[in-house]
1. Quick one: work out the % antiparallel among DSSP beta bridges in chain A, nearest 5.
2. Over the stretch B:4-137, give the accessible area per residue in Å² for a 1.4 Å probe, as an integer.
3. Please state the charge dipole magnitude for chain B, taken about the Cα centre, from unit charges on C-beta atoms (+1 on K and R, -1 on D and E), reported in debye and rounded to the nearest 20.
4. So what is the calculated 222 nm ellipticity per residue for the protein assembly as shown, using -39500 (n - 2.57) for each DSSP H run with n of 4 or more, over all residues, to the nearest 500 deg cm²/dmol?
5. Using R₀ = 30 Å, calculate the FRET efficiency as 1/(1 + (r/R₀)^6) where r is the Cβ-Cβ separation of A:Asn147 and A:Glu387; round to 0.05.
6. Return the average number of partner chain Cβ atoms within 10 angstrom of each residue Cβ along peptide A:332-344.
7. State the number of lysine pairs found in the stretch A:147-266 whose Cα atoms come within less than 20 Å, restricting to pairs 8 or more positions apart or on distinct chains.
8. For the stretch A:39-292, with all protein chains present and a 1.4 Å probe, just round the carbon and sulfur fraction of the accessible area to a whole percent.
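The values are calculated or read from the model by the stated rules, or taken from the named source; none is laboratory data. Computed from a predicted structure; not experimentally measured. Note: ideal-geometry Cβ built from the backbone for every residue, glycine included; neighbour counts use all protein chains shown. Accessible surface areas use protein heavy atoms only, side chains included; no ligands, DNA or RNA. Shrake-Rupley method; radii C 1.70, N 1.55, O 1.52, S 1.80 Å.
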Amino acid sequence: MLDISKIRKQFPILSTKVNGENLVYFDNGATTQKPQSVITAESNYYQNENSNVHRGVHFLSGLATDKFEETRITIQNFIGAKHSHEIIFTKGTTDSINIVASGYRTLLNKGDEIIISELEHHSNIVPWQMCCEQSGATLKVIPLLDNGSLDMIAFENFLSENTKLVSVSHISNTLGTINPIEKIIEKAQAVGAKVMIDGAQAAAHISLNMQSLGADFYCFSAHKLYGPTGVGILYGKEDVLNELPPYQGGGEMIKEVSFKKTTYACLPHKFEAGTPNIAGVVAFKSAIDFITELGLSNIAKYEEELLQYATEEVLKIEGLKIYGTAKNKSGIISFNINELHPYDIGMIVDKMGIAIRTGHHCTQPIMERFNIPGTARISLAVYNTKEEIDICINALKKAKMMLS
Amino acid sequence: MSTIKKIQAEIVEDFGMFDDWMQKYEYLIDLGNELAPIKEQYKTEDNLIKGCQSRVWLHAEHTQGKIIFTADSDAIMTKGIVAILINVLSNQAPKDIATAKLDFINEIGLKDQLSPTRANGLVSMIKKMKLYAIAFNN
Ligand SMILES: Cc1ncc(COP(=O)(O)O)c(C=O)c1O
């Protein structure tokens with residue numbers, strides 16, 4: 001059992017007052033708050049450890065490099081990767097997807113096909129559209145069923161020897177659907193396609209093991225895992241990363257540079273051109289430590305309990321409709337109340353200290369699919385409580401009353 | 001005092017009566033509900049201002065030296081603010097609209113709502129009203 005009040009005490013921002021009310025932070029899908037250990041690690045880095053990595057012989061450079069590489073090992077263990085050089089530090093999920101999509105521009109040709117799905121975040125749509133535009137490949141989109149899960153029959157029908165890459169999210173940031181990625185990976189790899197999983201919404205909520213999962217690429221953002229902004233992970237299988245052309249040229253990513261020919265460095269440096277967000281990477285380790293100390297399975301169990309409670313309680317509000325009712329769901333509830341505009345609801349509950357997200361959540365195709373302008377979204381994290389859910393429900397009722 | 005300034009002063013006075021955000025919001029909702037509807041034929045793609053959060057339609061007509069604005073929004077709170085802007089700027093001379101200062105927005109505590117980062121379409125709406133005024137003035 002997790003001691004939630006003890007966990008809450010580790011997050012200084014949770015004691016913020018908004019408009020005189022206690023902050024209720026339900027926008028964790030956008031970004032989670034940070035525990036003191038992460039905040040301290042980031043400032044401690046600048047106070048005591050700052051230096052550039054991988055390039056100096058002096059004491060501080062060695063220290064910074066050690067710290068930086070320690071995080072890589074921590075991530076390797078956290079997601080069960082075979083090698084630490086399969087862990088690439090990026091700016092975030094968006095950056096990670098762009099690295100792969102940009103590499104595939106030169107790997108793909110006319111007639112090749114990329115498959116994504118209708119529930120993807122714009123970050124997992126636009127880079128592939130750009131990739132298709134430049135390579136001549138075709139983009140296929142797995143449609144959604146009414147409950148917000150993927151039409152797996154349509155997916156299997158798409159698969160052929162032309163399928164070169166499948167990129168889908170592990171969990172939908174709008175609908176909360178946990179996609180059957182094991183099955184997707186198995187089916188796609190059976191026709192020789194590579195699979196990329198956008199794990200932005202999953203890594204803080206589901207235990208991962210890259211070796212048993214078998215995904216070719218998997219990515220996520222530190223800031224959605226209680227870590228700092230501006231840091232992300234691109235995991236790739238060693239051989240797949242070796243085949244992928246580098247994204248950016250510059251310092252650190254080269255083996256030898258001459259004006260005749262430049263050769264690229266080995267993994268992971270091939271994809272880490274320029275000075276990275278060292279402080280962020282160092283602090284990210286503290287975020288992973290925070291998660292592993294609590295235990296991801298404990299976190300998942302508690303969040304599941306919260307999700308169930310929140311779902312039952314919001315449904316007591318008459319006229320409230322939840323978008324995303326798949327059997328397998330993570331702690332995200334998207335909803336509308338009658339014909340009320342989500343923006344109006346968000347504005348009113350904000351005045352009562354409640355942070356929910358409203359709008360299309362960077363998933364306009366989902367809004368089109370359900371023919372709605374947007375939704376209001378509650379997304380949960382380990383520090384949230386049932387009391388907060390009660391407060392939110394009351395606020396939603398009040399908003400409904402004011403607006404009806 | 002110009003009429004635009006006078007109207008603004010009245011609005012500031014109205015808002016001065018409210019003690020808390022709820023009253024203010026309820027008033028905005030009322031204003032939104034009372035806003036004279038835009039003609040269906042003017043709710044076109046051309047007249048649509050797409051915010052990320054809410055959408056605003058704005059139509060302008062130039063008659064007898066004045067501009068008549070009609071507008072709508074899909075979100076009621078946005079529509080309430082739309083109603084205030086229409087109240088201030090519609091049925092005025094192009095020159096007055098083009099040069100109008102909208103400081104009263106700060107005074108009634110709705111500055112946040114008119115920040116570009118809100119993405120509710122209101123900032124673009126004001127810009128568009130001014131552009132109409134400049135165009136009709138020439
Ligand atoms: C499913 C999903 N993919 C990608 C992203 C983009 O992540 P980032 O903005 O950290 O690059 C998000 C963030 O909202 C997301 O939820």
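1. 60 percent
2. Result: 51 Å² per residue.
3. Numbers: 16 positive and 18 negative charges, 138 e Å.
Computed charge dipole of chain B: roughly 660 debye.
4. Values: 20 runs with 227 residues, N = 542.
After summing the helix terms and dividing by residue count, I get -13000 deg cm²/dmol.
5. Numbers: r = 30 Å, r/R0 = 0.99.
Efficiency at R0 = 30 Å is approximately 0.50.
6. Values: counts 0, 0, 0, 0, 0, 0, 0, 1, 2, 10, 3, 14, 13.
Mean partner shielding for this stretch: 3.
7. Numbers: A:Lys164/A:Lys183; A:Lys164/A:Lys187; A:Lys164/A:Lys194; A:Lys164/A:Lys237; A:Lys183/A:Lys194; A:Lys183/A:Lys237; A:Lys187/A:Lys237; A:Lys194/A:Lys237.
Here the count comes out as 8.
8. Details: 5080 of 10130 Å².
Carbon and sulfur atoms account for 50 percent of the accessible area of the stretch A:39-292.
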